[in-house]
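Below you'll find the structure, written out as structure tokens, and then a few comments.
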2 protein chains.
Amino acid sequence: MGEAAQLKEDTIAALHDTLQAYITKKGFRSTSQRRLVTDIFFRTGGHMSIEDLLAKVREQDPRVGYATVYRTLRLLAECELANVRHFGDGVTRYELADEGKHHHDHLICTSCKRIIEFEDEAIEVLQDRIADRHGFNLKSHKHELYGVCPECQQKQS
Amino acid sequence: MGEAAQLKEDTIAALHDTLQAYITKKGFRSTSQRRLVTDIFFRTGGHMSIEDLLAKVREQDPRVGYATVYRTLRLLAECELANVRHFGDGVTRYELADEGKHHHDHLICTSCKRIIEFEDEAIEVLQDRIADRHGFNLKSHKHELYGVCPECQQKQS
DNA sequence: CTAAGTGCAAAAAGTTTGCATTCCG
DNA sequence: CGGAATGCAAACTTTTTGCACTTAG
């Protein structure tokens with residue numbers, strides 16, 4: 001519980017494998033830029049804006065362009081290794097899909113923008129029931145709680 | 001339950017009153033454009049993109065500009081009569097805050113984009129508990145279930 | 001009157017696309 | 001080699017801002 005945990009090396013390797021399989025199947029190509037972008041993405045595991053991710057990528061290869069990061073994340077979303085997120089600021093963020101980690105939702109501090117993950121089985125069950133009731137075939141969901149974290153509450157008072 | 005219900009006349013009047021009180025308190029001004037934009041917004045009650053709203057506004061006054069609609073909705077958000085929403089397409093939508101209607105969440109059909117509202121008291125309780133556990137002072141939340149609605153399931157098969 | 005609000009157009013901000021060049025398979 | 005991917009810059013889209021003009025209070 002709490003902040004995102006570090007992923008194990010072999011989990012990361014498995015993610016690269018899944019991606020590689022998809023790339024091969026589709027006749028796409030594995031490039032150094034793609035490997036770099038996806039590796040950093042897999043390791044940080046989400047909630048990064050494109051801007052943040054690009055910055056990290058450029059630490060290791062300054063020639064990589066915006067477009068490549070956008071295109072690579074679109075590829076990850078396409079093969080369902082990543083999901084898009086919008087947390088209210090106009091910025092698109094991606095996060096690792098459930099394949100790589102447990103399903104979770106988000107607690108977001110509206111003051112310091114910190115993002116904390118949580119899981120709650122009981123809520124998941126209730127969700128399924130609601131979808132059923134409306135005849136929906138549920139694919140995914142988004143559950144975000146916005147508030148002020150303990151630290152910021154202290155600062156404000 | 002189901003699609004958004006029509007709001008009663010007096011509820012709409014109450015919303016205008018709340019807004020007027022805020023405007024007065026802040027030394028702002030009530031203009032015909034603001035009254036028009038907010039009235040249409042209150043009556044439709046949410047899930048409208050700025051573009052949709054502007055179109056409706058221009059049916060009644062074609063001279064109203066984009067900026068006015070943006071600024072008016074920002075004002076509504078500022079006085080907590082409206083909340084911002086992002087449903088995955090890059091478009092900002094606003095919806096009436098809880099003041100005007102019951103709290104509810106959303107079931108969204110990824111195929112036809114239909115948006116259905118639902119309420120679930122049990123989930124609300126669980127949310128509060130999660131926020132408590134993390135020491136968060138909860139302000140609002142977003143809970144969206146994405147899937148395929150019964151009609152689209154039929155079409156697809 | 002006078003400061004807030006409007007409409008317009010220009011500017012930002014974020015994302016996508018076209019194209020010549022690079023390079024994987 | 002041939003086509004996919006890249007990097008760059010230009011194009012797009014959505015939202016914000018600057019400014020002269022209008023108007024509520």
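The values are calculated or read from the model by the stated rules, or taken from the named source; none is laboratory data. If you're wondering where the values come from, they're calculated on a predicted model, not measured in any experiment. Every residue, glycine among them, receives a Cβ derived from its backbone with ideal geometry; neighbour counts consider all protein chains shown.
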Exercise. Go through segment B:102-134 and count every residue that is within 14 Å of A:ILE130 (Cβ to Cβ), within 7 Å of another protein chain (Cβ to nearest Cβ) and touching a Phe, Trp or Tyr at 6+ places or on another chain (Cβ under 7 Å).
Key: 1
Exercise. Filter the strands (runs of 3 or more DSSP E) completely within segment A:39-149 down to those with at least 1 residues that are more than 13 Å from the chain's Cα centre (by Cα) and closer than 18 Å to B:HIS86 by Cα.
Key: A:105-109, A:137-148
Quiz prompt | Any pair with Cβ under 8 angstrom, 6 or more apart, that starts in segment A:65-86 at a residue that is within 14 Å of chain B (Cβ to nearest Cβ) and more than 7 Å from DNA strand D (Cβ to nearest atom) and ends at one that is outside any loop (DSSP other than H, G, I, E, B) and among the acidic types (Asp, Glu) | solution = A:ALA82/A:GLU95; A:ASN83/A:GLU95; A:ARG85/A:GLU95
Quiz item: Just to be sure, is A:HIS86 touching a Ser or Thr at 6+ places or on another chain (Cβ under 8 Å) and buried (at least 17 other Cβ atoms within 10 Å of the Cβ)?
Solution: yes
Quiz item: Only one residue in A:ILE123, A:ILE130, A:ILE108, A:ILE115 is under 17 Å from A:PHE41 (Cβ atoms) and away from DNA strand C (no atom under 16 Å from the Cβ), so which one is that?
Solution: A:ILE115
Quiz item: Can you name the number of the only condition in (1) outside the structural domain of B:TYR22 (by TED's automatic domain parsing); (2) surrounded by fewer than 16 Cβ atoms within 10 Å (Cβ to Cβ) that B:ALA55 fails?
Solution: (1)
Quiz prompt | Qualifying residue in segment A:143-155 (condition: more than 10 Å from chain B (Cβ to nearest Cβ), among the charged types (D, E, K, R) and surrounded by 15 or more Cβ atoms within 10 Å (Cβ to Cβ)) | solution = no
